[in-house]
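S.K.: Supplied in structure tokens, the structure appears directly below.
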Amino acid sequence: MSEISMSRPAVGEAGRTGEWRNSRPVVDPAKCLAVKQGKVTCQICWAYCPDGCVAQGVGPVIDLTYCKGCGICAEECPAKAIEMQPEALHGVCAIDAGGEVAR
Amino acid sequence: MATKILDLPDVSYVLPGNRSCAGCGIGIALRQITAALEGKMVMTVPASCLTVFGGMYPISSVNVPWVNVAFPSTAAAASGIAAGLRATGRAGEMTVLAMAGDGGTGDIGIQALSGAAERNEDFLYLCYDNEAYMNTGTQRSGLTPAGARTTTTWAGKRENPKDLPRIMEAHGIPYVASTSAAFPADVYDKVAKARGIKGLRYIHMNTPCPSGWGFDPKDTIRLGKLAVDVGLVVLYEVEDGVFRLTGRSTSLAKTGKPRVPVAEYLATQSRFRGMKPGAIAEVQTWVDGRWDGYVARDAGHCAG
Amino acid sequence: MSENVSVMTGNEAAATAAKLARVQVIAAYPITPQSPVVEQLAAWVESGELPAEFVAVESEHSAMTVCIGASTVGARTFTATSANGLAYMTEQVWWAPGARLPIVMCIANRAMAAPWNVLNDQQDSMSVRDAGWVQLYCRTNQEILDTTVQAYRIAERLHLPVMVCYDGFLLSHTMMPVAVPTAEEIDSFLPPFTEPFTVVDVDDPRNIGPVVIADPRADETGVMRGGYMEIRAMHHRALLEALDVIVETDDEYAAAVGRAWGGLTWEYLLDDAEVVLVAAGSLGTQATVTVEALRAEGIKAGVLGIRAYRPFPVEALRGKLAGRKLALVFDKALSYGYEGPICSDLRGSLLGLDDAPAVFGAVCGLGGREVTPDHLAEATRRAIAGLDAGARTRATDWINLHLDGE
């Protein structure tokens with residue numbers, strides 16, 4: 001045991017925070033500017049995610065294991081390409097042992 | 001040249017699965033603060049919402065050196081770390097960043113900050129202002145806006161908030177800035193600029209808080225930007241005593257577009273529910289007076 | 001030993017020790033009677049005679065905080081204070097040992113307000129005895145210098161802060177001969193501080209001093225790490241280890257410099273003593289004059305001096321007090337509503353000892369009230385009379401008190 005409290009950083013300190021949410025962001029590739037242009041573009045969802053759950057990409061990839069469902073990405077997407085869908089639509093608890101990602 | 005969102009580096013020192021509230025303004029900003037310093041930093045963090053990002057022993061959610069400190073002591077701890085790094089020949093290794101909330105900066109923490117500023121200690125101080133003692137459940141602070149309901153101002157706070165950046169300006173430090181977590185690229189730029197300046201650099205960052213202000217977490221960015229459009233939050237820099245507005249506040253001052261009425265902003269958050277028209281009008285007058293002052297300073301009408 | 005003998009005050013001795021110890025960061029706020037320590041160190045730093053960082057903090061709370069910050073990144077630190085200054089930094093006085101930082105602090109003991117009083121008693125340091133520092137008390141200015149240097153060795157071996165206490169004005173402002181060791185002697189005794197527990201490294205980013213929950217919790221690799229109680233238990237154990245380390249350090253210092261101070265306790269005419277006067281600090285020196293006078297009257301009196309108050313030297317005290325008739329403890333402090341702190345601690349430590357002495361307590365010298373060897377002698381005679389009349393307990397004897405009608 002250590003004499004002092006000195007933590008190391010790791011993902012998921014609070015567990016699978018994806019379990020907090022009532023609704024999840026779903027990206028519509030047909031509307032996403034990055035997908036339409038075929039290159040990394042905009043990335044506003046990536047910038048505004050408080051938890052860093054959005055990976056940049058064509059289009060961006062949201063980590064549903066940890067996404068808390070705040071809805072900022074959906075609210076701020078200039079192309080309205082992200083919709084917050086109730087968890088119930090995706091099964092009561094859609095986080096399985098391996099985590100889940102949505103495109 | 002202001003950095004665009006697309007040009008922000010794709011790095012993250014803030015790890016998912018942390019304990020902050022959904023939609024927390026601090027998280028958005030912290031990602032850019034740590035990116036601007038390239039993780040070459042040590043943070044002093046008092047008891048506060050930010051502590052939550054440090055996690056519970058033995059796991060933390062932020063991938064940079066971080067020292068937790070007692071509530072009143074953020075600026076003194078940073079002074080000590082800076083002195084210790086100099087004394088052990090390590091001063092060039094990292095930026096010392098003191099980061100505390102409005103309470104830890106302007107109330108219980110102001111003595112240590114004022115002392116550090118008077119001595120022009122060499123570190124960067126960033127105040128994330130979520131306008132109340134949020135970590136203990138939303139009690140009023142000296143930076144809570146007039147009219148806001150908190151758990152110690154149930155009928156709405158009577159007083160206007162302290163002007164902390166102005167107080168810091170009065171210490172004659174080389175860099176004072178005002179920014180907002182709703183403008184992460186602005187946060188990035190100001191931290192990156194401050195990084196290269198010696199002495200005490202103070203950045204004040206308005207930080208929307210869905211839990212404490214009473215709004216849907218999806219609106220963190222929208223309301224942060226709205227506050228700037230009202231003129232309630234003003235983006236600016238004071239470098240060696242020279243004041244200039246920045247970003248959206250510059251545009252607002254120069255286009256002559258009317259600012260959004262305060263009432264529209266107040267209507268978005270349940271902490272202001274129940275504010276009477278008379279009180280709202282007083283806040284409008286207060287905001288107008290302050291805004292005119294900022295515009296005048298920007299135009300160079302007074303030296304500060 | 002090629003020492004330079006000088007005449008200096010206790011405050012100068014403390015500052016000289018910090019200089020010899022090659023402290024790297026100094027942060028202190030002035031308060032009577034400690035201020036000359038700060039002033040001397042500021043002068044030496046300005047002249048370059050002491051190459052340290054001097055942070056002119058705006059309060060005692062910040063003074064201890066700066067030491068905490070600097071110590072966290074591995075710098076050797078020093079501060080000093082008294083009375084209300086110590087009280088103001090108390091939150092951080094608790095922080096430092098819990099964080100296992102080897103800070104050294106000198107206390108020029110002074111009375112606590114209210115009411116205001118700048119003169120000597122031991123209330124200030126006694127009141128923070130529970131916080132988990134090593135606490136050592138000095139009798140003379142020579143001991144202040146030697147003990148403050150030793151404090152760094154103790155602190156850095158155990159990763160614990162050490163408080164070196166000396167009587168305000170009686171020692172802090174009084175000139176005494178002090179032999180100043182050479183830099184070579186101290187360097188051979190005290191190596192640089194190179195192994196803090198804390199890691200501040202951009203290539204190994206750690207979060208130091210976070211919230212710790214009640215129970216042990218697994219880290220990210222599945223290894224169990226302690227909860228709050230485990231961390232505090234290890235702190236307590238380190239403090240108990242100090243019982244040996246304090247003695248060893250005194251011996252090592254004697255080998256390097258030629259002087260030792262008794263380790264945990266010191267004694268005078270104790271061997272065949274039936275009546276033992278117990279005290280910490282310069283009061284103990286006065287007691288040595290008292291016991292010579294008492295011996296001349298046929299009373300077999302001796303002195304047992306407390307050098308280490310925390311950790312409390314239970315075994316040493318039990319060993320040295322077994323078989324005595326009476327231990328009379330003179331406290332320059334009070335746990336208000338009860339009795340003198342050393343008295344309580346000592347009486348409690350003798351519980352279960354077959355041939356334990358009776359333990360009576362006396363309170364003296366509060367707020368600088370004069371205490372003479374005669375006062376101590378009269379108190380001892382009163383205590384012996386009470387014991388001989390059959391008392392096994394006795395109300396605390398307030399010495400040289402002048403309440404109306406009493």
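S.K.: Among the residues that make up the stretch B:2-16, is at least one of them within 11 Å of chain C (Cβ to nearest Cβ), within 18 Å of the chain's Cα centre (by Cα) and farther than 21 Å from C:Glu58 by Cβ? Give the derivation first.
M.R.: Here is the first cut: in the stretch B:2-16, the residues within 11 Å of chain C (Cβ to nearest Cβ) are B:13, B:15.
If we keep only those that are within 18 Å of the chain's Cα centre (by Cα) too, we end up with none.
No: the stretch B:2-16 contains no residue that is within 11 Å of chain C (Cβ to nearest Cβ), within 18 Å of the chain's Cα centre (by Cα) and farther than 21 Å from C:Glu58 by Cβ.
S.K.: Considering the stretch B:31-53 alone, what residues qualify as being touching a residue at least 60 places away in the same chain (Cβ under 8 Å) and among the charged types (D, E, K, R)?
M.R.: Filtering the stretch B:31-53 for residues touching a residue at least 60 places away in the same chain (Cβ under 8 Å) gives B:31-33, B:35-37, B:46-52.
Listed by number, the list holds a single entry, B:Arg31.
S.K.: Considering only residues that are surrounded by fewer than 15 Cβ atoms within 10 Å (Cβ to Cβ) and among the hydrophobic types (A, V, I, L, M, F, W, C), look in the stretch B:239-280 and name the one that is farthest from B:Lys225 (Cα to Cα).
M.R.: Per the stated criteria, the residue is B:Val242.
S.K.: Do we have C:Glu58 as facing chain B (nearest Cβ under 7 Å), assigned to a loop (DSSP other than H, G, I, E, B) and surrounded by fewer than 24 Cβ atoms within 10 Å (Cβ to Cβ) here? Full working, then the answer.
M.R.: Numbers: facing chain B (nearest Cβ under 7 Å): yes; assigned to a loop (DSSP other than H, G, I, E, B): yes; surrounded by fewer than 24 Cβ atoms within 10 Å (Cβ to Cβ): yes.
Here the answer is yes, as C:Glu58 does meet what is asked.
S.K.: If B:Ala82 meets every condition in (1) under 20 Å from B:Val187 (Cβ atoms); (2) more than 7 Å from every other protein chain (Cβ to nearest Cβ); (3) touching an Asp or Glu at 6+ places or on another chain (Cβ under 7 Å) apart from one, which number is that one?
M.R.: (1)
S.K.: Whether any residue in the stretch C:372-392 is basic (Lys, Arg), at pLDDT below 95 and not in a strand (DSSP E or B) is what I want to check. Working first, answer last.
M.R.: Taking the stretch C:372-392 and keeping what is basic (Lys, Arg), we get C:381-382, C:392.
Add one more test, that the residue is at pLDDT below 95, and what stays is C:392.
Those still in the list that are not in a strand (DSSP E or B) too: C:392.
Yes, because at least one residue in the stretch C:372-392 is basic (Lys, Arg), at pLDDT below 95 and not in a strand (DSSP E or B).
S.K.: Another question, if that's okay. Could you name every one of the strands (runs of 3 or more DSSP E) located completely within the stretch A:5-63 that has at least 1 residues being in contact (Cβ under 8 Å) with a residue 60 or more places away in the chain, within 19 Å of B:Asn18 (Cα to Cα) and away from chain B (no Cβ under 11 Å)?
M.R.: A:23-27
S.K.: Then there's this: For the stretch A:67-77, state whether one or more residues are buried (at least 18 other Cβ atoms within 10 Å of the Cβ), basic (Lys, Arg) and touching a strand residue (DSSP E or B) at 6+ places or on another chain (Cβ under 8 Å).
M.R.: To start, the set of residues in the stretch A:67-77 that are buried (at least 18 other Cβ atoms within 10 Å of the Cβ) comprises A:67-77.
Okay, now just the ones that are also basic (Lys, Arg), so A:68.
From what's left, touching a strand residue (DSSP E or B) at 6+ places or on another chain (Cβ under 8 Å): none.
Scanning the stretch A:67-77, I find no residue that is buried (at least 18 other Cβ atoms within 10 Å of the Cβ), basic (Lys, Arg) and touching a strand residue (DSSP E or B) at 6+ places or on another chain (Cβ under 8 Å), so the answer is no.
S.K.: For the stretch C:81-121, how many residues are closer than 27 Å to C:Arg157 by Cα and either crowded, with 24+ Cβ neighbours inside 10 Å or touching a Phe, Trp or Tyr at 6+ places or on another chain (Cβ under 9 Å) (or both)?
M.R.: 20
S.K.: For the stretch C:337-352, indicate whether the set of residues that are in contact with a helix residue (DSSP H, G or I) (Cβ under 9 Å, 6 or more places away or on another chain), of a type in the set (Phe, Trp, Tyr) and under 18 Å from C:Met126 (Cα atoms) is non-empty.
M.R.: Taking every residue of the stretch C:337-352 in turn, at least one turns out to be in contact with a helix residue (DSSP H, G or I) (Cβ under 9 Å, 6 or more places away or on another chain), of a type in the set (Phe, Trp, Tyr) and under 18 Å from C:Met126 (Cα atoms).
S.K.: Please go through the stretch B:51-67 and give me each residue that is surrounded by fewer than 24 Cβ atoms within 10 Å (Cβ to Cβ) and in contact with a helix residue (DSSP H, G or I) (Cβ under 9 Å, 6 or more places away or on another chain), ordered by number.
M.R.: Scanning the stretch B:51-67 gives B:Val52, B:Asn63.
S.K.: Being within 24 Å of C:Ala233 (Cβ to Cβ) and among the basic types (Lys, Arg) is the filter here, so list the residues in the stretch C:108-161 that pass it.
M.R.: Matches in the stretch C:108-161: C:Arg129, C:Arg157.
S.K.: Shifting gears a bit: Out of the stretch B:108-133, which residues are in contact with an Asp or Glu (Cβ under 9 Å, 6 or more places away or on another chain) and assigned to a loop (DSSP other than H, G, I, E, B)? Before you say what the answer is, go through the steps one by one.
M.R.: We begin by selecting, within the stretch B:108-133, every residue in contact with an Asp or Glu (Cβ under 9 Å, 6 or more places away or on another chain); these are B:111-112, B:114-116, B:118-119, B:127-133.
Matches in the stretch B:108-133: B:Arg119, B:Asn130, B:Glu131, B:Ala132.
S.K.: Moving on. If a residue counts only when it is more than 16 Å from the chain's Cα centre (by Cα), which strands (runs of 3 or more DSSP E) contained entirely in the stretch C:86-186 have at least 2 such residues?
M.R.: C:176-180
S.K.: Taking the criterion of being surrounded by fewer than 17 Cβ atoms within 10 Å (Cβ to Cβ) and under 28 Å from B:Gly89 (Cβ atoms), would at least one residue in the stretch C:204-212 satisfy it?
M.R.: yes
S.K.: Look at B:Met56 and say whether it is touching a residue at least 40 places away in the same chain (Cβ under 8 Å) and over 20 Å from C:Met64 (Cβ atoms). Step through it out loud before you land on a result.
M.R.: Details: touching a residue at least 40 places away in the same chain (Cβ under 8 Å): no; over 20 Å from C:Met64 (Cβ atoms): yes.
No, not satisfied.
S.K.: Another one. Would you point out the residue of the stretch C:192-215, among those that are at the interface with chain B (Cβ under 9 Å from one of its Cβ atoms) and either in contact with a Cys (Cβ under 8 Å, 6 or more places away or on another chain) or touching a residue at least 12 places away in the same chain (Cβ under 8 Å) (or both), that is farthest from B:Pro58 (Cα to Cα)?
M.R.: The initial filter retains those residues of the stretch C:192-215 that are at the interface with chain B (Cβ under 9 Å from one of its Cβ atoms), namely C:198-202, C:204-213.
Now restrict to residues that are either in contact with a Cys (Cβ under 8 Å, 6 or more places away or on another chain) or touching a residue at least 12 places away in the same chain (Cβ under 8 Å) (or both): C:198, C:200, C:208-209, C:212-213.
On the way: C:Thr198: 14, C:Val200: 16, C:Ile208: 10, C:Gly209: 10, C:Val212: 8, C:Ile213: 10 Å.
Filtering the stretch C:192-215 for residues that are at the interface with chain B (Cβ under 9 Å from one of its Cβ atoms) and either in contact with a Cys (Cβ under 8 Å, 6 or more places away or on another chain) or touching a residue at least 12 places away in the same chain (Cβ under 8 Å) (or both), the one farthest from B:Pro58 (Cα to Cα) comes out as C:Val200.
The values are calculated or read from the model by the stated rules, or taken from the named source; none is laboratory data. What you see is a predicted model, and the numbers here were worked out from it, not measured in a lab. Ideal geometry is used to build each Cβ from the backbone, glycine not excepted, and the neighbour counts take in all protein chains shown.
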